[in-house]
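See below for the structure under consideration.
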Amino acid sequence: MSATLQAAPAPTAGPVPRGDAGAHTQVGAPILRITALRKSYGAHEVLKGIDLDVARGEVVAIIGKSGSGKSTLLRCINGLEVFQQGSLIVDGRHLLHDNPKAMRELRQGVGMIFQSFNLFPHLTVGQNVMLAPHLVKRRGRAQNAERARALLARVGLSEKFDAMPDKLSGGQQQRVAIARALAMDPAIMLCDEITSALDPELVGEVLRVVESLADEGMTLLMVTHEMSFARKVADRVIFMHQGLVHEMGPPETIFGAPQTPELRQFLGLMEGSAA
Amino acid sequence: MSFDFLSILAQWPLLLRGAAWTIGLTALATLFGATLAVAGAWARSQGPRPLGWLVGAYVELIRNTPFIVQLFFIFFGLPELGIRLSPGVASVCAMTINLGAYATEILRAGIEATPRGQIEAAQSLALSRTQIFLHVVLPPALKTVWPALVSQIVIVMLGSAVCSQISTEELSYATNLIQSRNFRAFEAYIVGTLGYLGLAILLRHLLNWAGPRFLFGR
């Protein structure tokens with residue numbers, strides 16, 4: 001478990017803004033570095049100073065009550081939410097909200113999967129997967145189609161290439177969304193409660209795909225309510241409470257020996273609702 | 001009372017020429033008007049503020065004035081500024097500007113109905129604003145509002161009858177000409193009416209067929 005190792009700022013890291021990398025640093029170049037991030041909607045502060053480093057290949061699960069800021073934090077990482085203070089670096093690129101070109105470059109490295117799938121309804125499954133590589137990466141037609149077919153095969157949907165999204169089940173739509181995000185070859189993947197909108201019997205097929213991504217070394221940040229999945233797949237679990245990282249550690253510790261009363265209460269609630 | 005439709009139909013070259021004019025005017029006005037509407041709807045929903053206001057003013061001006069006045073202004077008014085247009089060109093301009101205004105509002109409604117999540121998905125796939133508008137927002141918006149848009153295009157096609165007032169030789173001009181020659185007004189206007197009816201039905205079918213095929217997928 002890498003999370004238990006000593007902090008060792010790697011010389012190969014991208015632009016490192018500070019001398020001291022902070023307590024969360026993992027071994028290896030952090031692919032994501034969030035420093036003192038604050039975000040508010042008007043007078044209401046949602047994120048109250050987040051510091052977080054994520055190592056390449058790490059799988060991080062973010063848990064917490066609704067309103068704790070976990071989805072907002074995830075959405076800050078690819079600029080869907082604008083934050084007021086702090087800095088965020090992905091794969092050596094600073095997030096600059098008012099620079100559209102820099103935002104597009106950063107977003108090429110950050111895949112995102114949403115709770116509500118958000119497939120493009122007017123395009124076939126194959127076209128959904130091929131649109132961004134065609135427009136953004138200028139990938140050639142034949143190569144693009146070949147890649148899309150391979151990715152759809154990987155998520156178990158090779159026969160759905162020409163289907164329209166509304167003909168698929170929720171689980172299938174979400175797997176297409178995963179293939180669509182993978183087509184851009186992201187360095188890091190954000191999963192925002194990706195099974196919350198699914199019927200219980202469809203959750204497994206999506207989680208299996210996510211698990212296979214983790215096994216292949218993809219860096220994953222996932223906001224999830226699937227505690228058993230977080231426990232099984234995550235290298236590190238972050239418990240957010242009232243806009244702050246309240247407790248963080250390997251899943252055995254977080255779930256086995258929670259330190260704070262807030263986390264204990266939260267885990268008690270989750271157990272109650274899972275029963 | 002005896003009806004004489006043959007004396008009307010004997011003028012078929014004139015009628016056919018008129019119908020061809022009506023079709024041509026409508027085709028050009030649809031092409032230019034729809035393009036204008038896409039630009040207008042973009043400006044209204046996502047463009048810079050001042051441009052949005054400008055387009056808003058244009059839309060309100062056109063939607064709250066009669067088409068015939070717009071047409072007369074272009075044909076009789078603009079020459080004062082040294083802009084002299086033939087009846088055909090003036091007709092296409094008036095129809096384009098008219099359709100553009102109505103279609104801007106129709107399309108804007110469709111654009112604003114795009115679920116936020118689809119735009120966010122496109123953003124997170126690193127598409128640019130223009131790419132998102134053209135590839136993610138516009139096609140479903142067109143699909144949503146297509147029935148309303150088709151109706152508006154048919155209305156503009158029927159409205160082109162007014163262009164006979166500046167001696168554009170379209171279908172109603174031909175009909176007027178025939179009845180003024182043989183005084184068979186009843187028969188002439190029945191034939192003219194049936195001509196418009198046929199054209200409108202044809203146009204509706206054509207657009208309903210073409211939209212899904214070429215503009216926004218199934």
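Mind listing whichever residues of segment A:164-173 are in a helix (DSSP H, G or I) and either within 12 Å of chain B (Cβ to nearest Cβ) or more than 17 Å from A:Ser196 (Cβ to Cβ) (or both)? Correct list: A:Pro165, A:Asp166, A:Lys167, A:Gln173.
Here A:Ser40 fulfils each of the conditions (1) surrounded by fewer than 16 Cβ atoms within 10 Å (Cβ to Cβ); (2) hydroxyl-bearing (Ser, Thr, Tyr); (3) within 13 Å of chain B (Cβ to nearest Cβ) apart from (3).
A quick yes/no check of all residues on (1) part of a helix (DSSP H, G or I); (2) in the same structural domain as A:Ile63 (by TED's automatic domain parsing); (3) under 29 Å from A:Val209 (Cβ atoms); (4) open to solvent by 30 Å² or more (accessible area, probe 1.4 Å):
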{"site": "A:Val237", "(1), (2), (3), (4)": "no, yes, yes, no"}
{"site": "A:Met240", "(1), (2), (3), (4)": "no, yes, yes, no"}
{"site": "A:Val245", "(1), (2), (3), (4)": "no, yes, yes, yes"}
{"site": "A:Met248", "(1), (2), (3), (4)": "no, yes, yes, yes"}
{"site": "A:Ile254", "(1), (2), (3), (4)": "yes, yes, yes, no"}
{"site": "A:Glu262", "(1), (2), (3), (4)": "yes, yes, no, yes"}
{"site": "A:Phe266", "(1), (2), (3), (4)": "yes, yes, yes, no"}
{"site": "A:Met270", "(1), (2), (3), (4)": "yes, yes, yes, yes"}
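For segment A:59-68, state whether one or more residues are farther than 20 Å from A:Thr219 by Cβ, open to solvent by less than 10 Å² (accessible area, probe 1.4 Å), outside any strand (DSSP E or B) and touching a helix residue (DSSP H, G or I) at 6+ places or on another chain (Cβ under 8 Å). I'd like the intermediate steps shown before the answer.
The first filter runs over segment A:59-68 and keeps only residues farther than 20 Å from A:Thr219 by Cβ, leaving A:64-68.
Remaining after also requiring open to solvent by less than 10 Å² (accessible area, probe 1.4 Å): A:64, A:68.
Among the residues that remain, those that are also outside any strand (DSSP E or B) are: A:64, A:68.
Okay, now just the ones that are also touching a helix residue (DSSP H, G or I) at 6+ places or on another chain (Cβ under 8 Å), so A:64.
Scanning segment A:59-68 turns up at least one residue that is farther than 20 Å from A:Thr219 by Cβ, open to solvent by less than 10 Å² (accessible area, probe 1.4 Å), outside any strand (DSSP E or B) and touching a helix residue (DSSP H, G or I) at 6+ places or on another chain (Cβ under 8 Å).
Taking each residue of segment B:125-153 that is free of Cβ contacts under 8 Å to residues at least 60 places away in the same chain and looking for partners that are among the aromatic types (Phe, Trp, Tyr) and open to solvent by 50 Å² or more (accessible area, probe 1.4 Å) with beta-carbon atoms closer than 7 Å, six or more apart or interchain, yields B:Gln152/B:Tyr102. Checked against (1) away from chain A (no Cβ under 14 Å); (2) surrounded by 16 or more Cβ atoms within 10 Å (Cβ to Cβ); (3) of a type in the set (A, V, I, L, M), B:Val136 passes all but condition (1). Pairing each residue of segment B:160-176 that is among the aromatic types (Phe, Trp, Tyr) with any residue that is surrounded by 20 or more Cβ atoms within 10 Å (Cβ to Cβ), provided the two are 6+ apart or on different chains, yields C-beta distances under 7 Å for B:Tyr173/B:Gly18; B:Tyr173/B:Ser164. Apart from one condition, A:Met103 fits all of (1) farther than 15 Å from B:Val136 by Cβ; (2) within 7 Å of another protein chain (Cβ to nearest Cβ); (3) open to solvent by less than 20 Å² (accessible area, probe 1.4 Å); the exception is (2).
For segment A:174-192, residues that are surrounded by 24 or more Cβ atoms within 10 Å (Cβ to Cβ), within 11 Å of chain B (Cβ to nearest Cβ) and under 19 Å from A:Leu157 (Cα atoms) total 4.
How many residues does segment A:121-154 contain that are more than 14 Å from chain B (Cβ to nearest Cβ) and either part of a helix (DSSP H, G or I) or modelled with pLDDT of 95 or more (or both)? Before you say what the answer is, go through the steps one by one.
Kept after step one, since they are more than 14 Å from chain B (Cβ to nearest Cβ), are these residues of segment A:121-154: A:140-143, A:145-147, A:149-150, A:152-154.
With the extra rule that they be either part of a helix (DSSP H, G or I) or modelled with pLDDT of 95 or more (or both), the set shrinks to A:141-143, A:145-147, A:149-150, A:152-154.
Matching residues across segment A:121-154 total 11.
Among the residues in segment A:196-217, are any of a type outside the set (Phe, Trp, Tyr), at negative phi, open to solvent by 10 Å² or more (accessible area, probe 1.4 Å) and assigned to a strand (DSSP E or B)? Checked against the condition, which is being of a type outside the set (Phe, Trp, Tyr), at negative phi, open to solvent by 10 Å² or more (accessible area, probe 1.4 Å) and assigned to a strand (DSSP E or B), segment A:196-217 yields no hits at all.
The values are calculated or read from the model by the stated rules, or taken from the named source; none is laboratory data. Remember, predicted model here, so these are calculated numbers, not experimental data. A quick note on method: Cβ atoms are made from the backbone with ideal geometry, for glycine too, and the neighbour counts reach across all protein chains shown. Accessible surface areas use protein heavy atoms only, side chains included; no ligands, DNA or RNA. Shrake-Rupley method; radii C 1.70, N 1.55, O 1.52, S 1.80 Å.
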